[in-house]
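Enquirer: So that we are looking at the same thing, I have put the structure below in structure tokens.
No lab work stands behind these numbers, since they all come straight from the coordinates. In this text, all values refer to a predicted model and were calculated from it rather than measured experimentally. Here the Cβ positions follow ideal geometry from the backbone for every residue, glycine too, while neighbour counts run over all protein chains shown.
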Amino acid sequence: MNAAPTPCATSMRGVLGGANRRRIRGVSIWTPLAGALLLAACSSDPRSSSSTILTSPTTAGPASKILVVTYTTGFRHSSIPTAETTLETLGRTSGLFTVTFCRTGDDVRRDLSPAGLASVDAVVFANTTGNLGIPDMGAFLGWISAGHGFAGMHSASDTYHDEPRYLEMLGNEFLTHGDQATVDAVVENSDHPAVSPLGSRFRIFDEIYMFTRANRGSVTMLLSLDRRPADGLPGAGQSADLPLAWAKSYGQGRAFYSALGHREDVWENPLYQQHVLGGLRWILKR
Ligand SMILES: [Zn+2]
């Protein structure tokens, strides 16, 4: 599948009205000008944070093993190298886990096979997109439900639109997004390790996902929006109940998802890093 850019990197203003989902996902409106504007916007953004990686107390016991999957067959985020570095550093500084990377289709066929999964404790889909070519989806999901961990970051919900079983495990499906925006996410279930460092609200500038359905009844909600973001889509500022991050049991296993993580400076944000680290600690049951 050709990795043609999708709307992830640019505005959906004017595209949403009357468009169907397939059109929204498949339209290619990337241009060199849009890219230049995006880069300019990113590099001049005063909200860019330092690359400091906060550490947490070293966890007793041997480090868990996490497979970080960054293969894409759709849009490919420029933040993927930053995501990889952040996850590796979080594991090393916390002492909680070590990472190996799964970056190509061949890697997926090897590492996400039953034999490959036998050597890891959890899998993170870090900004994956599209159908990744997992050789046996039933076996992969069975491995999670047997007691292992899964974490999906940002476009992990823009992955496997053709596989309802994956989307059910994840807990929802990406629909669309507008312009990048600052949101004040509501922290829910604040005793959960993925959000306990965040206070009652988490202010962040990122690309904000909309999902195909409300999922409050089937997950432990961790971050939500109580109003529509000012992202150029209709209804900005209006009251709403929009999911943004959640956790859920999956058989004997655990799944964690956060829609945040489009931008490099989000991955470099110390509070976001604590959000991710807490989510990984939870799926690892540590
Ligand atoms: Zn994105």
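Enquirer: What residue, of GLY232, GLY251, is within 16 Å of the ligand (Cβ to nearest atom), out of contact with any strand residue (DSSP E or B) (no Cβ under 7 Å at 6 or more places or on another chain) and on the phi > 0 side of the Ramachandran plot?
Expert: That would be GLY232, the only listed residue that is within 16 Å of the ligand (Cβ to nearest atom), out of contact with any strand residue (DSSP E or B) (no Cβ under 7 Å at 6 or more places or on another chain) and on the phi > 0 side of the Ramachandran plot.
Enquirer: Taking the criterion of being over 17 Å from the mean Cα position of the chain (by Cα), of a type in the set (A, V, I, L, M) and loosely packed, with under 15 Cβ neighbours inside 10 Å, would at least one residue in segment 239-257 satisfy it?
Expert: Yes: one or more hits.
Enquirer: Sort out which residues of segment 167-183 are within 15 Å of the ligand (Cβ to nearest atom), hydrophobic (A, V, I, L, M, F, W, C) and in contact with a helix residue (DSSP H, G or I) (Cβ under 9 Å, 6 or more places away or on another chain), and write them in order of number.
Expert: Answer for segment 167-183, where residues must be within 15 Å of the ligand (Cβ to nearest atom), hydrophobic (A, V, I, L, M, F, W, C) and in contact with a helix residue (DSSP H, G or I) (Cβ under 9 Å, 6 or more places away or on another chain): PHE174, LEU175.
Enquirer: Shifting gears a bit: Mind checking whether some residue in segment 152-166 is closer than 17 Å to LEU280 by Cα, within 14 Å of the ligand (Cβ to nearest atom) and not in a helix (DSSP H, G or I)?
Expert: There is at least one residue in segment 152-166 that is closer than 17 Å to LEU280 by Cα, within 14 Å of the ligand (Cβ to nearest atom) and not in a helix (DSSP H, G or I).
Enquirer: Given the structure, is GLU268 surrounded by fewer than 21 Cβ atoms within 10 Å (Cβ to Cβ) and either within 22 Å of GLY149 (Cβ to Cβ) or charged (D, E, K, R) (or both)?
Expert: So GLU268 passes the test.
Enquirer: Please work out which one of (1) part of a loop (DSSP other than H, G, I, E, B); (2) crowded, with 20+ Cβ neighbours inside 10 Å is the condition THR86 fails and give its number.
Expert: Every listed condition holds for THR86 apart from (1).
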